[in-house]
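To keep things clear, I will list the structure first and then write my remarks on it.
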Amino acid sequence: GNSVTQMEGPVTLSEEAFLTINCTYTATGYPSLFWYVQYPGEGLQLLLKATKADDKGSNKGFEATYRKETTSFHLEKGSVQVSDSAVYFCALSDQGGTASKLTFGTGTRLQVTL
Amino acid sequence: GAGVSQTPSNKVTEKGKYVELRCDPISGHTALYWYRQSLGQGPEFLIYFQGTGAADDSGLPNDRFFAVRPEGSVSTLKIQRTERGDSAVYLCASSLRRGGLTDTQYFGPGTRLTVL
């Protein structure tokens, strides 16, 4: 079955540091890949997505590239801010199925300090 | 416009009781999903509705869990004979589901269920 593995947290960075959160996946077919973010006290929000190999999703300074050869979708940001502190979830959707149900990783908590 | 809403936001019940959790999707969204998120974990899929019918209920853990969407809009997740292991945040999401196109799911704030 489908699965998503992401690096364990918490990740603690100073403001303006470079961020990478690793995500790898196992799936049949050609899934779409997503990063969702959960800010403290808020619901899950879509951060970015990519629907096919070599696509790059980007939003709010975050980027992730769909790498089929390494089955990865690592999240990066060049300069993090305190306001980026949240839990980040990598997820995939098997578009070949009858439903777009999402399979999530366990989440990575990011804490950014001044 | 209004997002996905879920009620109640918190529900505390006793072991063995029956509970209902409600989800009101974004207007016009035909697809509706229920997920369950345990502490420290990512959300896990429970059931998916396309319109009024449950198109995929493969994630429901057992027959104590049931969900309905009688008019293709609001959905209710029903849990019978609750157990302490059912304690989690229950998330609802909706999407346009335009068939064949990548679909973005929009999540509600969740209902935190605590079974004592």
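Filtering the range B:59-68 down to residues that are more than 14 Å from chain A (Cβ to nearest Cβ) and part of a loop (DSSP other than H, G, I, E, B), which residue is surrounded by the most Cβ atoms within 10 Å (Cβ to Cβ)?
Checking each candidate, the answer is B:ARG64.
Assess whether A:THR71 counts as being out of contact with any Cys (no Cβ under 8 Å at 6 or more places or on another chain) and open to solvent by 40 Å² or more (accessible area, probe 1.4 Å).
On the way: out of contact with any Cys (no Cβ under 8 Å at 6 or more places or on another chain): yes; open to solvent by 40 Å² or more (accessible area, probe 1.4 Å): yes.
Against the criterion (out of contact with any Cys (no Cβ under 8 Å at 6 or more places or on another chain) and open to solvent by 40 Å² or more (accessible area, probe 1.4 Å)), A:THR71 qualifies.
Restricting the first residue to the range A:49-64 and requiring it to be under 11 Å from A:LEU75 (Cβ atoms) and free of Cβ contacts under 8 Å to residues at least 12 places away in the same chain, which pairs with a second residue that is of a type outside the set (Lys, Arg) and surrounded by 14 or more Cβ atoms within 10 Å (Cβ to Cβ) meet a Cβ separation below 7 Å and a spacing of at least six or different chains?
Matching pairs, first to second residue: A:SER58/A:LEU48.
A:THR28 versus (1) at pLDDT 95 or above; (2) open to solvent by 40 Å² or more (accessible area, probe 1.4 Å); (3) part of a loop (DSSP other than H, G, I, E, B): which is the lone unmet condition?
(1)
Please work out if B:GLU44 is open to solvent by 40 Å² or more (accessible area, probe 1.4 Å), within 13 Å of the chain's Cα centre (by Cα), more than 10 Å from every other protein chain (Cβ to nearest Cβ) and at pLDDT 95 or above. Walk me through it before giving the result.
Working: open to solvent by 40 Å² or more (accessible area, probe 1.4 Å): yes; within 13 Å of the chain's Cα centre (by Cα): yes; more than 10 Å from every other protein chain (Cβ to nearest Cβ): no; at pLDDT 95 or above: yes.
No: the conditions fail for B:GLU44.
Which of (1) modelled with pLDDT of 95 or more; (2) part of a loop (DSSP other than H, G, I, E, B); (3) not hydroxyl-bearing (Ser, Thr, Tyr) is the odd one out, the single condition A:GLY97 does not satisfy?
Looking at each condition in turn, A:GLY97 falls short on (1).
How many of the residues in the range B:10-41 are open to solvent by less than 10 Å² (accessible area, probe 1.4 Å) and either touching a helix residue (DSSP H, G or I) at 6+ places or on another chain (Cβ under 9 Å) or part of a loop (DSSP other than H, G, I, E, B) (or both)? Explain how you work it out, then say what you get.
Of the range B:10-41, the ones open to solvent by less than 10 Å² (accessible area, probe 1.4 Å) are B:19, B:21, B:23, B:31-35.
Filter again for either touching a helix residue (DSSP H, G or I) at 6+ places or on another chain (Cβ under 9 Å) or part of a loop (DSSP other than H, G, I, E, B) (or both), leaving B:19.
Number of matching residues: 1.
Out of A:THR20, A:THR65, I need the residue that is touching a Phe, Trp or Tyr at 6+ places or on another chain (Cβ under 8 Å), over 19 Å from A:THR103 (Cβ atoms), open to solvent by less than 60 Å² (accessible area, probe 1.4 Å) and not small (Gly, Ala, Ser). Which one?
On the way: A:THR20 fails: touching a Phe, Trp or Tyr at 6+ places or on another chain (Cβ under 8 Å).
None of the other options fit; the residue is A:THR65.
Of all residues in the range A:16-40, how many are among the small types (Gly, Ala, Ser) and touching a Gly at 6+ places or on another chain (Cβ under 9 Å)? Write out each step before concluding.
Step one: list which residues in the range A:16-40 are among the small types (Gly, Ala, Ser), which gives A:17, A:27, A:29, A:32.
This time we only want the ones that are touching a Gly at 6+ places or on another chain (Cβ under 9 Å), so: A:27, A:29.
Here the count works out to 2.
The values are calculated or read from the model by the stated rules, or taken from the named source; none is laboratory data. Quick caveat: nothing in here was measured; it's all calculated off a predicted structure. So basically every Cβ, Gly included, is an ideal-geometry build from the backbone, and we count neighbours across all protein chains shown. In case anyone asks, the SASA skips ligands and DNA or RNA and just uses the protein heavy atoms, side chains included. Shrake-Rupley method; radii C 1.70, N 1.55, O 1.52, S 1.80 Å.
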